[in-house]
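*Asks:* Quick one: structure below, then a few questions.
The values are calculated or read from the model by the stated rules, or taken from the named source; none is laboratory data. For clarity, every value in this text was computed on a predicted model and none was experimentally measured. All Cβ positions, even for glycine, are placed from backbone atoms using ideal geometry, and neighbour counts span all protein chains on display.
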Amino acid sequence: MIIIDVLEAIARSVVNEPWGLGIAHLNNAESASPYYRFLHAVVAMIKPRLVVECGTYLGVATEHMALAYDGARVVSIDHATRTEAVNAGKRCKNITMIHGDTVSSVNIVEEMCHDLQCKIGLLFLDSQHDGDTPRAEFEAYFHLLEDESLIACDDILDPRMKEFWNWLPGDKHEMHFLHPSQYPNFPEPGFGISIIRRVSV
């Protein structure tokens, strides 16, 4: 069972840990935000068979999650293909990169669920932070979620995300300290999680 207090304790514990899990190529500016280490620790704890990430960017979160538990298949979806993300996929054999739209790729993920005989234990929404896209992503993948699953959402303090965050079901918790502002006079991006249990939605 996923418990908010346990997740909060994990979040607090990773704040002062070294960047990049002690791996040289992950010890970069992108790894500065503690939420990467949080995602790594959470995957190590809950050991999901399938993780889906909407929005790959450089593949930093992807690789953090893949390295946490080699029994997980980490599927990362993005319409863009960046060299850094491709390299992450090459380094970790349990990463599957999908080049395409995050919502329409649900059919590919559904086939993977069938082949792996499992559902999504962790859904990380980090593509377009416009409110509409993460809602469409959640609605697309909801039927593929485990009976108890974790949703992680980045940049929820973006004003465009307010309505989505209020709408998102589940046992929600905000952990903005996991994604503080990295630059002076730059807005704090924020970070939140929601525990989705079938009986509660």
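*Asks:* Output the residues belonging to region 54-74 that are outside any loop (DSSP other than H, G, I, E, B), out of contact with any strand residue (DSSP E or B) (no Cβ under 8 Å at 6 or more places or on another chain) and not aliphatic (A, V, I, L, M).
*Replies:* Scanning region 54-74 gives a single hit, H64.
*Asks:* Hey, does region 89-100 have a residue that's within 17 Å of the chain's Cα centre (by Cα), surrounded by fewer than 23 Cβ atoms within 10 Å (Cβ to Cβ) and part of a helix (DSSP H, G or I)?
*Replies:* yes
*Asks:* Report, by residue number, each residue of region 62-88 that is closer than 26 Å to I2 by Cβ, of a type in the set (D, E, K, R) and crowded, with 18+ Cβ neighbours inside 10 Å.
*Replies:* Within region 62-88, E63, R73 meet the criteria.
*Asks:* The conditions are (1) out of contact with any Asp or Glu (no Cβ under 8 Å at 6 or more places or on another chain); (2) in contact (Cβ under 8 Å) with a residue 24 or more places away in the chain; (3) among the hydroxyl-bearing types (S, T, Y); (4) under 24 Å from R37 (Cα atoms), and T102 fails exactly one of them. Which is it?
*Replies:* If we test T102 against (1) out of contact with any Asp or Glu (no Cβ under 8 Å at 6 or more places or on another chain); (2) in contact (Cβ under 8 Å) with a residue 24 or more places away in the chain; (3) among the hydroxyl-bearing types (S, T, Y); (4) under 24 Å from R37 (Cα atoms), just (1) comes out false.
Here's the yes/no breakdown for (1) within 23 Å of I46 (Cα to Cα); (2) in contact with a Pro (Cβ under 6 Å, 6 or more places away or on another chain):
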site: R135; (1), (2): no, no
site: D158; (1), (2): no, no
site: K162; (1), (2): no, no
site: E174; (1), (2): yes, no
site: L178; (1), (2): yes, yes
site: S194; (1), (2): yes, no
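*Asks:* On to the next question. Provide a single number: the residues in region 75-86 that are assigned to a helix (DSSP H, G or I) and either small (G, A, S) or in contact (Cβ under 8 Å) with a residue 60 or more places away in the chain (or both).
*Replies:* Going through region 75-86 one residue at a time, the tally reaches 1.
*Asks:* Okay, moving on. Could you grab the pairs with beta carbons closer than 6 Å, sequence gap of 6+ or different chains, first residue in region 21-38 and without any contact (Cβ under 8 Å) to a residue 60 or more places away in the chain, second one in a loop (DSSP other than H, G, I, E, B)?
*Replies:* Taking only residues 6 or more apart or on different chains, the pairs are E30/L58; R37/E17.
*Asks:* Shifting gears a bit: Any idea which of (1) outside any loop (DSSP other than H, G, I, E, B); (2) at pLDDT below 95 is the one V51 doesn't satisfy?
*Replies:* Going through (1) outside any loop (DSSP other than H, G, I, E, B); (2) at pLDDT below 95 one by one, V51 breaks only (2).
*Asks:* Looking only at residues in region 1-32 that are modelled with pLDDT of 95 or more and of a type in the set (G, A, S), which one is surrounded by the most Cβ atoms within 10 Å (Cβ to Cβ)?
*Replies:* Going through the qualifying residues, I end up with A11.
*Asks:* Then there is this: Would you point out the residue of region 1-43, among those that are of a type in the set (S, T, Y) and in a helix (DSSP H, G or I), that is farthest from R197 (Cα to Cα)?
*Replies:* Just the residues of region 1-43 that are of a type in the set (S, T, Y), to begin with: 13, 31, 33, 35-36.
Among the residues that remain, those that are also in a helix (DSSP H, G or I) are: 13, 31, 35-36.
Values: S13: 25, S31: 30, Y35: 23, Y36: 24 Å.
My answer is S31.
*Asks:* Would you call G59 buried (at least 24 other Cβ atoms within 10 Å of the Cβ), at pLDDT 95 or above, on the phi > 0 side of the Ramachandran plot and not polar (S, T, N, Q)?
*Replies:* Answer is yes for this residue.
*Asks:* Among the numbered criteria (1) out of contact with any strand residue (DSSP E or B) (no Cβ under 8 Å at 6 or more places or on another chain); (2) over 22 Å from Y36 (Cα atoms), which one does D147 miss?
*Replies:* Just one mismatch for D147, condition (1).
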